[in-house]
């Protein structure tokens, strides 16, 4: 769990921490990483120069820049080749890659050091998520299966569980959404009823990614009817369901969702047919779990923005590389103003979103409430990602519409960022309500 921190220390002394710096020369100053690093482009060849210049990471500390470099090298060497091999055929994220992520400490970025984590903040979490998502968004998303647990757990439970979460031993899947409770999340109807000393859960959940691969589920179910139409969020409870990795719990059946992207792991529709749980499976207070859904949304939306930026950057870097080698009319297409200006606009949009992400994350880490800025960030970054990846595909032309290049993966995955963690329309509603107040009920 100390690999990231150890590697940072090692880099300052010229030493090496495992594979991390095995192909890099001894450091001659922080500028080396910021100005001279060359990445692997998505087809595996040396190509695109890192887009960030000094201004891009000027707001970061030396430690944060070094962490960014470590995550970038890990993504390009360990994640990207796997993504290029497995995504086109619908393969799953390999266990050995998950083990390497755990060794790097990626499942404990935001977990306190006293519980085995790195004790870092939302900014470092999003820096790493951007780098991983530039290679494969599914891997950039996987780190969210660690890094925290439901706040309803007691201090004793947290002390027991968090070290296992930070080590990657205990990864989660969250079951909130339902067929009639998507954006309207308070419309949860999956029921949990008491039967003696047990809870019995009956109902259906949708969009539960990693339900099979996780070590436990957190399931939100209604334990009491809402007291009134305007208080539908009340009466919802959370339940902790340990399970064997690679299976669904007894009493739960599932159907895989046929997705067009977000490959590498499965997303499930789950049916709970009288699943019985002990009384202590209840997490936190009965009927009062809804706030635990909402409390982590600022970080979750910043995380989605980071994933969006990573996708857009991957597509942009691949488009830049392609524009240098694809020749038409006797010239590389990068010589033509139509392509040059397109790439310039794309690069500006990516950088704009990144700087906004840094600002919002710093606000979160300062302890300020950042719900509206986080919604603005998530909205702008996800819309940007769809636009930039689409433009990258256009630069590649017909080649971009094939699975021979990774741009189509970035394009497919970017489309999802406008939907999960609150649709773009939900973000606009949050923002407009903050500006104008909520409309009067009719």
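The values are calculated or read from the model by the stated rules, or taken from the named source; none is laboratory data. All of these numbers come straight from a predicted model, not from anything done at the bench. For neighbour counting, all protein chains shown are included, and Cβ atoms are generated from backbone atoms with ideal geometry for every residue, glycine included.
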- Checking residue 283 against (1) closer than 30 Å to residue 192 by Cα; (2) crowded, with 19+ Cβ neighbours inside 10 Å; (3) out of contact with any strand residue (DSSP E or B) (no Cβ under 8 Å at 6 or more places or on another chain), which test does it fail? (3)
- Query: Failed condition for residue 213, given (1) in contact with a strand residue (DSSP E or B) (Cβ under 9 Å, 6 or more places away or on another chain); (2) within 17 Å of residue 179 (Cα to Cα); (3) crowded, with 18+ Cβ neighbours inside 10 Å, with all others met?
  - Reply: (2)
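Table: residues versus (1) under 16 Å from residue 296 (Cα atoms); (2) part of a helix (DSSP H, G or I); (3) in contact (Cβ under 8 Å) with a residue 24 or more places away in the chain.
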{"site": "338", "(1), (2), (3)": "no, yes, no"}
{"site": "348", "(1), (2), (3)": "no, yes, no"}
{"site": "358", "(1), (2), (3)": "no, yes, yes"}
{"site": "372", "(1), (2), (3)": "yes, yes, yes"}
- Mind checking which residues of the stretch 247-258 are in a loop (DSSP other than H, G, I, E, B), modelled with pLDDT of 95 or more and surrounded by fewer than 16 Cβ atoms within 10 Å (Cβ to Cβ)? 247, 257, 258
- Note on the structure: Those residues of the stretch 405-442 which are assigned to a loop (DSSP other than H, G, I, E, B), modelled with pLDDT of 95 or more and more than 16 Å from the chain's Cα centre (by Cα) amount to 405, 406, 437
- Selection over the stretch 207-225 where residues are part of a loop (DSSP other than H, G, I, E, B) and touching a residue at least 40 places away in the same chain (Cβ under 8 Å) yields a count of 8
- Query: Regarding residue 292, is this residue part of a strand (DSSP E or B), in contact (Cβ under 8 Å) with a residue 60 or more places away in the chain and either buried (at least 22 other Cβ atoms within 10 Å of the Cβ) or at negative phi (or both)?
  - Reply: no
- Task: Examine the stretch 119-129 for a residue that is part of a loop (DSSP other than H, G, I, E, B) and farther than 30 Å from residue 84 by Cβ, and state whether such a residue exists.
- Result: yes
- If we keep just the residues of the stretch 180-206 that are touching a residue at least 40 places away in the same chain (Cβ under 8 Å) and not in a strand (DSSP E or B), which is surrounded by the most Cβ atoms within 10 Å (Cβ to Cβ)? 188
- Task: Tell me, please, whether a residue that is surrounded by 17 or more Cβ atoms within 10 Å (Cβ to Cβ), in contact with a strand residue (DSSP E or B) (Cβ under 7 Å, 6 or more places away or on another chain), in a loop (DSSP other than H, G, I, E, B) and modelled with pLDDT of 95 or more can be found in the stretch 263-274.
- Result: yes
- Which of the following residues is farther than 23 Å from residue 123 by Cα and surrounded by fewer than 19 Cβ atoms within 10 Å (Cβ to Cβ): 330, 367? 330
- Message: Condition first: crowded, with 19+ Cβ neighbours inside 10 Å, more than 16 Å from the chain's Cα centre (by Cα) and not in a loop (DSSP other than H, G, I, E, B). Can you find one or more residues in the stretch 131-139 that meet it?
- Response: no
